[in-house]
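Structure first, then comments.
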Amino acid sequence: MTRAPIHPDRPDAEEDGRLRAPATARNMGPILDVLLSHAPREGRALEIAAGTGEHAVAFARAFPGLDWQPSDIDETRLASIAAWARAEGPETLRAPIYMDATRPGWAEDHGPVEMILAVNLLHLISKRETETLLSEMTRALAPGGTGFLYGPFLRDGATTSAGDAQFHASLQAQDAQIGYKDLAWVVDRLSPLVVTAQEMPANNLMLIARQADQGG
């Protein structure tokens, strides 16, 4: 998995290695509101592409009953997550691990988990990589588990604002394989999970994908 370097916000680094990203600060509150309404209160949580680590600290603190496992593929981001965990993380925040969520088979290594979270990732990877991620996600969720996918999406094949159109075009100019994914296309590939889409600020969506309880 290779994340596109084009991004509207560039993280700022602190002396202890912690990174801060403006976009993370902006979306943290709205994302947490959704999680508080829909996320499990106990079990294991796997955060994919955890980025700076700011989300991991805040969300692990908000859910003391969840064993929170952040992951990423970028060494700088992994170092930042570890620095945040050392500085402010609760005991339930685990040390970050390298994990490529676009690699087939990761569900066997990292599941089953009660919760999976991925923020602002799908538009930075290819459709083929997204298909693998979504397939593995459905397999990694424990019975009754919930997956959360936050970010921008196409609706009926189109962007929903001029800013989104410009950003989507800039991504595809860099790499024609990446860019916004269509909402219906993503939902179809999350089958058999039951998916609901919640509107979020700045034309983003949170997809909430639930695994049915076995036998219930």
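The values are calculated or read from the model by the stated rules, or taken from the named source; none is laboratory data. Because the structure is predicted, anything quoted here is derived from the model rather than measured. So basically every Cβ, Gly included, is an ideal-geometry build from the backbone, and we count neighbours across all protein chains shown. These accessible areas exclude ligands, DNA and RNA; they are computed on the full protein's heavy atoms, side chains included. Shrake-Rupley method; radii C 1.70, N 1.55, O 1.52, S 1.80 Å.
A few remarks follow.
- Residue check for residue 165: open to solvent by less than 70 Å² (accessible area, probe 1.4 Å) and not in a loop (DSSP other than H, G, I, E, B): yes
- Filter result (of a type in the set (A, V, I, L, M, F, W, C), in a loop (DSSP other than H, G, I, E, B) and open to solvent by less than 70 Å² (accessible area, probe 1.4 Å)) within region 170-211: 178, 190, 193, 200
- Residue selection: residue 151 satisfies the criterion of being crowded, with 17+ Cβ neighbours inside 10 Å and under 20 Å from residue 74 (Cα atoms).
- Restricting region 81-122 to residues that are under 23 Å from residue 21 (Cβ atoms) and of a type in the set (Lys, Arg), the residue that is surrounded by the most Cβ atoms within 10 Å (Cβ to Cβ): 94
- If you go through region 32-74 and keep only what is charged (D, E, K, R) and open to solvent by 10 Å² or more (accessible area, probe 1.4 Å), you end up with 33, 41, 42, 44, 54, 61, 67, 74.
- Every pair of residues 6+ apart whose Cβ atoms lie under 6 Å, when the first sits in region 90-109 and is within 19 Å of residue 124 (Cα to Cα) while the second is assigned to a strand (DSSP E or B) and open to solvent by less than 70 Å² (accessible area, probe 1.4 Å): 99/71; 101/48
- Residue satisfying condition, being part of a strand (DSSP E or B), in contact with a Pro (Cβ under 8 Å, 6 or more places away or on another chain) and of a type outside the set (A, V, I, L, M), within set 151, 144: 144
- The residues listed here are 87, 95; of these, the one that is of a type in the set (A, V, I, L, M, F, W, C) and in a helix (DSSP H, G or I) is 87.
- Flag if residue 78 is open to solvent by less than 30 Å² (accessible area, probe 1.4 Å), aliphatic (A, V, I, L, M) and under 18 Å from residue 111 (Cα atoms): no
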